[in-house]
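These notes are about the structure you will find just below.
The values are calculated or read from the model by the stated rules, or taken from the named source; none is laboratory data. From a predicted model like this one, the values you see are computed outputs, not experimental measurements. Cβ sites come from the backbone with ideal geometry, for glycine too, and all protein chains shown count toward neighbours.
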Amino acid sequence: MRVLKPEVAQDRKDKILNWVVYNYVSTGRPVSSELIAEEGRFNVSSATIRNILKELEETGYLYQAHTSGGRIPSDKGYRAYVDNIQRLQRLAAVEKEHLEGEYDRRIEQLDGFLKHTSRMLADMSKWAGFVMSADTDLDSIKRFDLISMGPRNVLSVMFSHSGLIKHAPFALEHPADKASVKALALKLNKRLKDMPVSDVPGIIFSEFVSKGRDKGLEELLRKLVEYFKGLSKNDDALYLEGLSRIYANLEDGNIEDFRNIAAVLEQKERFFGLLRERLHDCAGKTKALAQPGKRHIVDVTIGSENSIKEFKNFSLVSSSYCINDKAVGLVGILGYKRMEYPRMISLVDTVSSMMEDMLGEWDKIDFDE
């Protein structure tokens, strides 16, 4: 009897597990040993396939919902599959080009670009897409910038002493001259440095509003006052689009899944808590990774790996997006475990990179002039 080398036997087992997971993701049906023998093209006997499936079941990678039925991936099986594709899979060039083109088009409408980004993730993934900006809490300002992104669009970027960064886009009815915006940014940055965030609305209103400025700058200042007033409330910290797609893809009519996820999202703070935890985890993992030129990594949690029990049948694919190696927010996709992981991972990775590139434009401006 021929005995396989351990590495050869493990490779065969990995390939069969990946095939089972991929097939289940594609069809939603349990995978039988007969199907693997007929369509898998592994060039092994049916008896060998049955033995491998039994071993994968015993080690927790697969399970049978019914004794006589085929195998279904467990969370551990999905995890092995995701870990493998993260090493191998990259977004197809044609889809990446389409994604970048769509992003450039949406960014032209700077107001609401976080919402546009979450909607684009939902449209491209066919699941729910989300974007969350980081909290500020009771922090104080280290630096405040205003970046002109066109005659009627301005991006504010606030750097806190805790290391967090908050950014917000403003669409103006009246145009604001780029040089005037830059001059205002210098004055605001000087005045607001080291000020508690809670004091900022009062300072801007009392010392900068109604100083005979042009209509564009006056409008911008008033918008900044309202923005800072609501900053600690985090009302706009999370943008979630495409939840209806989860309902449309209910597995086996399992309405309980949708009720579970709807209940969590209604209790906003629980979902916020999960995403804040992921943001900190992503930031920590990225720092530990320390790859030249790599500012973020994509993180995947599957089913029971999520800290919220109602998400036991769902997966979260997410990544922080960074400015100067500091995490300023989180982008991601929420969907059933039976999702197309290679494509979801690549979508999130690409969107995170594009957000970093867009927001990173602030660094090209010299604020010391």
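Per-residue answers, yes or no, for (1) in a helix (DSSP H, G or I); (2) assigned by TED's automatic domain parsing to the domain that holds Leu330; (3) touching an Asp or Glu at 6+ places or on another chain (Cβ under 8 Å); (4) in contact (Cβ under 8 Å) with a residue 12 or more places away in the chain:
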site	(1), (2), (3), (4)
Asp145	no, no, no, yes
Val154	no, no, no, yes
Pro169	no, no, yes, yes
Arg191	yes, no, yes, yes
Asp194	no, no, no, yes
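Pairs are defined by a Cβ separation below 6 Å, a sequence spacing of at least 6 or placement on different chains, a first member in region 214-229 that is basic (Lys, Arg), and a second member that is surrounded by fewer than 19 Cβ atoms within 10 Å (Cβ to Cβ) and part of a helix (DSSP H, G or I); the pairs so defined are Lys229/Pro201. In the condition set (1) modelled with pLDDT of 80 or more; (2) out of contact with any Gly (no Cβ under 6 Å at 6 or more places or on another chain); (3) within 27 Å of Tyr22 (Cβ to Cβ); (4) not hydroxyl-bearing (Ser, Thr, Tyr), Val317 is compliant with all but (2). Pairs linking a residue in region 12-33 that is without any contact (Cβ under 8 Å) to a residue 60 or more places away in the chain and farther than 20 Å from Ser45 by Cβ to a residue that is hydrophobic (A, V, I, L, M, F, W, C) and not in a helix (DSSP H, G or I), with Cβ atoms under 8 Å and 6 or more positions apart or on different chains, are Pro30/Ala65; Pro30/Ile72. In region 165-197, of all residues being closer than 10 Å to Ile141 by Cα and out of contact with any helix residue (DSSP H, G or I) (no Cβ under 7 Å at 6 or more places or on another chain), the one that is surrounded by the fewest Cβ atoms within 10 Å (Cβ to Cβ) corresponds to Asp194.
Suppose the filter is at pLDDT below 80 and in a strand (DSSP E or B); does Cys322 pass it? Spelling it out, Cys322 is indeed at pLDDT below 80 and in a strand (DSSP E or B). What number of residues within region 143-175 are over 21 Å from Gly230 (Cα atoms), touching a strand residue (DSSP E or B) at 6+ places or on another chain (Cβ under 7 Å) and modelled with pLDDT of 90 or more? Counting residues in region 143-175 that are over 21 Å from Gly230 (Cα atoms), touching a strand residue (DSSP E or B) at 6+ places or on another chain (Cβ under 7 Å) and modelled with pLDDT of 90 or more gives 0.
Can you find a residue that is at pLDDT below 90, touching a His at 6+ places or on another chain (Cβ under 6 Å) and assigned to a helix (DSSP H, G or I) anywhere in region 89-112? The answer is yes; a qualifying residue exists. Only residues that are within 38 Å of the chain's Cα centre (by Cα) and either surrounded by fewer than 16 Cβ atoms within 10 Å (Cβ to Cβ) or at pLDDT below 85 (or both) were counted in region 19-52, giving 8. Exactly one residue out of Arg259, Arg343, Arg338 is assigned to a loop (DSSP other than H, G, I, E, B), closer than 23 Å to Gly28 by Cα, at pLDDT 80 or above and of a type in the set (D, E, K, R): that is Arg338. In the set Glu241, Glu207, Glu219, Glu226, only one residue is at pLDDT 85 or above and either touching a Cys at 6+ places or on another chain (Cβ under 8 Å) or not assigned by TED's automatic domain parsing to the domain that holds Ile147 (or both); that residue is Glu241.
Does Glu39 meet the test of being under 26 Å from Gly335 (Cβ atoms), acidic (Asp, Glu) and either without any contact (Cβ under 8 Å) to a residue 40 or more places away in the chain or touching a helix residue (DSSP H, G or I) at 6+ places or on another chain (Cβ under 8 Å) (or both)? Taking the combined requirement at face value, the residue satisfies it.
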